[in-house]
Amino acid sequence: MRRVLILDPLWPMDVGMEALDGIDVTLEKTDRIEGDDVVAILAAPEQTIPANLLELAPNVRLVGTCSTGYDNLPAVELSAQGVMCLHVKSYCDEEVAEHTITLAANLLRGVAHLDGFVREGGWWPYPREPRRLAGSRLGIVGFGRIGRLVAIQGDALRMEVVAFDEFVDEATMQSRGVQKVDLDTLIETSDVVTLHAPLLPETQHLMNARRFAQMRDDAYLVNCARGPLVDHVALGDALRMGVIAGAAIDVYPVEPPPVDEPAFGWPNLILQPHSAWYSAEASLAPYRRQIADLARFLRGEEPEGLIMQPEGTR
Amino acid sequence: MRVVVIDDTWPLDRARAILEPCGVTVEFNTEIAGDDVVAVLTYPGGKIGVDVLDAAPNLKAVGTCSTGFDHLAVDALAERGVCCCRVTHFCDVEVVDHTMALIYAVLRGVVMLDGLVREGTWWPYPRAPRPVRGSILGVVGFGAISHGLVETASAVGMDVRVASEHATAGDVTAAGGTLVPLDELLAAADVVAIMTSLTDRTRGMIDAAAIAKMRPDAYLVNTARAAIVDHLALGRALETGAIAGAALDVLPVEPAPADEPALTWPNTIIQPHAAWYSAESDRRSFDDAAEDVARLLRGEEPLNGMRPPI
């Protein structure tokens with residue numbers, strides 16, 4: 001009997017399973033990777049898959065992460081060893097884009113700050129002056145699927161949308177009403193800088209002390225992408241010293257943040273529990289898609305969520 | 001000739017730039033007195049009665065940096081030849097922006113989630129974020145600000161319904177919404193936004209019976225006037241979970257007193273009557289009033305002059 005390991009204690013075992021009807025396989029929740037009979041592994045986004053996977057379970061030919069980001073998978077190494085690596089493409093793009101624009105609008109209008117101010121007995125003058133959304137410059141770093149949806153929402157709010165993405169040409173951006181700028185210009189001129197880049201060695205600490213110093217002192221940062229895109233210590237310094245006006249983060253260097261997470265003490269910061277991806281529909285979609293892709297794999301068909309073609313299958 | 005400014009927050013340099021070409025001097029003063037005073041610039045806290053003419057008999061104009069004018073004796077002053085000028089539509093963009101920010105905030109749960117993270121909560125979310133696109137926004141009222149809100153909310157992909165006694169179905173459709181009866185709006189909406197002006201007809205319009213028609217997972221957003229909603233009925237609905245939450249920029253008493261009950265209601269965002277604000281609207285509230293007074297002093301018709309009958 002072929003076995004599939006589910007490395008996710010919260011995986012709902014009643015979602016999408018009809019896709020496996022008639023296929024001879026057993027699914028097993030575990031936190032241990034081992035066994036010659038294991039052919040596939042489906043993992044939670046928090047679950048790191050080791051590069052020596054095939055030493056633990058030599059017959060694994062498919063590894064899937066239940067998320068869009070796949071920094072928990074050594075996809076290049078495993079693909080080179082003939083293992084199919086899967087992620088879930090665009091199951092929550094709309095949610096992330098909406099959460100991002102929610103945070104941008106709430107920073108510019110000062111909503112969370114003013115709510116706290118009223119509860120402390122304040123009224124007027126406002127300690128955080130609301131700013132117009134209309135005409136504010138929204139700078140999108142990374143113009144992929146989510147970045148493009150953020151642009152649509154920003155445009156609907158009559159914001160001036162600019163974007164930086166070295167892999168997207170000017171015409172593609174212009175056709176969406178977005179002005180292509182270089183990263184320096186984006187960071188120096190935007191009212192809100194929002195990150196929508198994947199986490200890669202070259203994007204780690206994309207926002208660092210030098211970048212914060214480049215930002216306007218009345219500008220905001222939104223990060224609904226990945227925690228390590230931002231140098232967390234540098235963000236804390238920038239907030240405490242007023243280098244920037246504020247930030248909203250949905251992602252952290254360590255998730256969940258530990259009780260001594262320093263960000264809890266930083267001013268002008270909105271904190272979210274990695275919730276940008278969420279809607280009731282989006283919360284089940286990745287499980288459905290991974291089980292459907294597992295069924296394709298077990299039937300010998302090509303999964304839809306392949307990160308890259310593995311060696312020996314081209 | 002002098003223009004007296006009785007609001008100590010009024011930017012005098014800009015009032016001077018606008019008014020001095022009319023051959024007047026502009027000064028801050030708590031007293032309005034003298035034959036040479038031709039105009040007064042005031043604010044909602046600065047009442048101007050007809051008795052002002054006892055000390056300033058040659059007064060011709062009163063400008064206020066507000067839309068509301070219940071602090072001015074408009075009719076009595078007009079009978080004595082004084083025209084009061086208010087400012088209108090100076091913050092339409094801001095109120096639309098702030099209302100949109102609150103609609104996003106309640107649907108995505110961001111203010112609650114911020115508090116929960118700080119208390120150590122992570123997953124599962126006690127307040128589950130919901131999609132914005134496709135959610136139903138019910139807009140009560142269809143004036144200039146409401147029109148802008150309908151356009152913006154439909155542009156971000158919301159399904160917008162409007163209840164109004166004055167609007168035509170064609171006007172609402174052109175803005176991107178659908179005109180429906182109020183009861184239907186209340187029963188359908190994910191978010192109900194109060195956008196009507198306060199009149200005798202709208203006072204208490206959203207009462208306990210109206211709130212009871214709302215969905216248990218619906219939110220109420222009020223950036224208009226507190227008295228349109230039965231405040232205590234809203235509190236009961238929030239405390240019993242009859243609706244999911246509220247965002248209020250307006251309260252029955254402002255500034256909020258320490259015993260304001262809304263401060264203890266669950267799932268409620270409170271704002272310090274801030275929806276109107278931006279640096280631009282703040283500036284316009286002063287400049288538009290000063291410019292209307294300048295029009296009067298030049299012998300032109302003011303844009304927002306109030307003469308009886310009004």
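The values are calculated or read from the model by the stated rules, or taken from the named source; none is laboratory data. Just so it is clear, the model here is predicted, and its values are computed rather than measured. Neighbour counts are summed over all protein chains in view; Cβ atoms, including those assigned to glycine, are modelled from backbone coordinates with ideal geometry. Side chains are part of the model used for accessible areas, which takes the heavy atoms of the whole protein and leaves out ligands, DNA and RNA. Shrake-Rupley method; radii C 1.70, N 1.55, O 1.52, S 1.80 Å.
Rank by packing, highest mean first: peptides A:178-186, A:201-209, with packing defined as the count of other Cβ atoms within 10 Å averaged across residues.
Highest mean packing first, the order is A:178-186, A:201-209.
Using a cut-off of 15 Å between beta-carbons, work out the net charge of the residues near residue A:15 (Lys and Arg +1, Asp and Glu -1, residue A:15 not included).
-3
Using a Cα-Cα cut-off of under 22 Å, which lysines could be cross-linked to residue B:47, ignoring same-chain neighbours fewer than 8 residues away?
Once the sequence-local lysines are set aside, what remains near residue B:47 is B:60.
Nearest 10 degrees is fine. How inclined is helix A:93-109 to the longest principal axis of chain A, computing both from alpha carbons?
Relative to chain A, helix A:93-109 is tipped by roughly 20 degrees.
Leaving out ligands, DNA and RNA, calculate the buried accessible area for the pair B and A with a 1.4 Å probe, summed over both sides, in Å² to the nearest 100.
4300
Can you work out the accessible area per residue across the stretch B:92-270, with the rest of the protein chains kept in place, probe 1.4 Å, in square angstrom?
Value returned for the stretch B:92-270: 37 Å² of accessible area per residue.
Give me a comma-separated list of calculated 3J(HN,Hα) values for the stretch B:68-83, in order, Karplus coefficients 6.51, -1.76, 1.60 applied at θ = phi - 60°, integers in Hz, x for any Gly or Pro.
Whole-Hz 3J(HN,Hα) from phi for the stretch B:68-83: x, 9, 6, 8, 10, 7, 4, 5, 5, 5, 4, 4, 9, x, 9, 9.
Projecting each Cα onto the charge dipole of chain A (Lys/Arg +1, Asp/Glu -1 at the beta carbon, about the Cα centre), which of A:85, A:103, A:60 comes out farthest on the positive side?
Projecting each Cα onto the dipole axis, the largest value belongs to A:103.
Restricting to chain B, what percent of DSSP beta bridges are antiparallel, rounded to 5?
Just about 5 percent of them are antiparallel.
Which value in nm describes the separation of the simple spin-label points at residue A:15 and residue A:184, placed 7 Å from the Cα toward the beta carbon?
It is 4.6 nm.
As an exercise, use a Förster radius of 51 Å and the Cβ-Cβ distance of residue A:120 and residue A:81 to find the FRET efficiency, rounded to the nearest 0.05.
The value I calculate is 0.30.
Rank A:122, A:35, A:236 by mean-square fluctuation in a GNM of chain A with C-alpha springs under 10 angstrom and give only the top-ranked residue.
A:122
How well do other chains shield peptide A:122-129, expressed as the mean number of their Cβ atoms within 10 Å of each residue Cβ?
4
Using a 1.4 angstrom probe on heavy atoms only, work out the carbon and sulfur share of the accessible area of the stretch B:92-270 in %.
Answer for the stretch B:92-270: carbon and sulfur cover 55 percent of the accessible area.
On C-alpha positions alone, give me the angle between the axis of helix A:145-156 and the longest principal axis of chain A, in degrees, nearest 10.
That helix lies at roughly 30 degrees to the long axis.
What fraction of the DSSP beta bridges in the stretch A:93-271 is antiparallel, stated in percent and rounded to the nearest 5?
0
How far is it, in nm, from the label point at residue A:23 to the one at residue A:145 when both lie 7 Å from their Cα along the line to the Cβ?
2.0
Near residue A:176, within a Cβ-to-Cβ distance under 10 Å, what is the net charge of the other residues, with Lys and Arg +1 and Asp and Glu -1?
So the surrounding residues net to 0.
Can you give me the % of accessible surface on the stretch A:145-235 that is carbon or sulfur? Probe 1.4 Å, all protein chains present, nothing else counted.
About 52 percent, which is the carbon plus sulfur part of the accessible surface.
Mind checking which aspartates and glutamates have their Cα closer than 13 Å to the Cα of residue A:180? Skip sequence neighbours fewer than 8 apart in that chain.
A:160, A:165, A:166, A:169, A:170
Enter the Cα centre distance for the pair the stretch A:45-61 and the stretch A:201-254, rounded to the nearest angstrom.
Centre-to-centre distance over Cα atoms comes out at 33 Å.
Suppose every Lys and Arg Cβ carries +1 and every Asp and Glu Cβ carries -1, with no other charges. What dipole size does the stretch A:237-314 come out with about its Cα centre, to the nearest 20 debye?
180
To make sure I understand the rule: partners must be aspartates and glutamates, Cα under 14 Å from the Cα of residue A:29, and not fewer than 8 residues away in the same chain. Which ones qualify?
By straight Cα distance, residue A:29 reaches A:8, A:14.
Long-range amide H contacts for residue B:84: which residues qualify at under 5 Å (H placed 1.01 Å from N, peptide plane, sequence gap of 5 or more or a different chain)?
For residue B:84, whose amide H was placed from the backbone, the distant partners under 5 Å are B:62, B:306.
In a Gaussian network model over chain B where Cα atoms closer than 10 Å are linked, find which of B:236, B:118, B:16 has the largest mean-square fluctuation.
B:118
Could you let me know the centre-to-centre spacing of the stretch B:7-72 and the stretch B:154-195, using Cα atoms, in angstrom?
41
Rounded to the nearest 0.05, what FRET efficiency do residue A:311 and residue A:31 give with R0 = 22 Å and r taken as the Cβ-Cβ distance? Could you check?
So the FRET efficiency works out to roughly 0.20.
May I ask you to evaluate 6.51 cos²θ - 1.76 cosθ + 1.60, the Karplus curve with θ = phi - 60°, for each residue of the stretch B:54-66 and list the ³J(HN,Hα) values in order in whole Hz, giving x for glycine and proline?
Result, rounded to whole Hz: 4, 9, 10, x, 9, 4, 10, 9, 10, x, 10, 8, 9.
Given the DSSP H assignment, sum -39500 (n - 2.57) over each helix run of at least 4 residues in chain A and divide by its residue total; what's the result at 222 nm in deg cm²/dmol, nearest 500?
Dividing the helical sum by the residues of chain A leaves -8500 deg cm²/dmol.
Across peptide B:254-261, what mean number of C-beta atoms from other chains lies inside 10 Å of a residue's C-beta?
If you average over the peptide's residues, the count of other-chain Cβ atoms is 2.
Take every DSSP beta bridge whose two residues both sit in the protein assembly as shown, then give the antiparallel share in percent to the nearest 5.
Antiparallel: roughly 5 percent of the beta bridges in the protein assembly as shown.
How much area per residue is accessible in the stretch A:119-274 when the probe is 1.4 Å and only protein heavy atoms are counted (Å²)?
42
Pick out which of B:265, B:123, B:276 has the largest mean-square fluctuation in a Gaussian network model of chain B, springs linking Cα atoms closer than 10 Å.
B:123
In degrees, nearest 10, range 0 to 90: what is the angle between the Cα axis of helix B:144-155 and the longest Cα principal axis of chain B?
Compared with the principal axis, the helix lies near 40 degrees.
Relative to the present Cα-Cα distance, how much length would full extension add between residue B:227 and residue B:197 at 0.36 nm per residue of separation?
Gain on stretching residue B:227 to residue B:197: 9.8 nm.
May I ask which residue of A:127, A:174, B:125 lies farthest towards the positive end of the charge dipole of the protein assembly as shown, with charges of +1 (Lys, Arg) and -1 (Asp, Glu) on Cβ and the Cα centre as origin?
Of the listed residues, the answer is A:174.
I want the local charge near residue A:65. Using Cβ-Cβ distances under 10 Å, sum +1 for each Lys or Arg and -1 for each Asp or Glu among the other residues.
-3
With a ≥ b ≥ c the root eigenvalues of the C-alpha gyration tensor of the stretch A:93-271, is it rounded (a/c under 1.5), prolate (a/b larger than b/c) or oblate?
Oblate is the answer for the stretch A:93-271, as a/c is 1.5 or above yet b/c matches or exceeds a/b.
With a point put 7 Å past each Cα toward its Cβ, work out how far residue A:259 is from residue A:51 in nm, to one decimal.
Once both label points are built, they end up 3.7 nm from each other.
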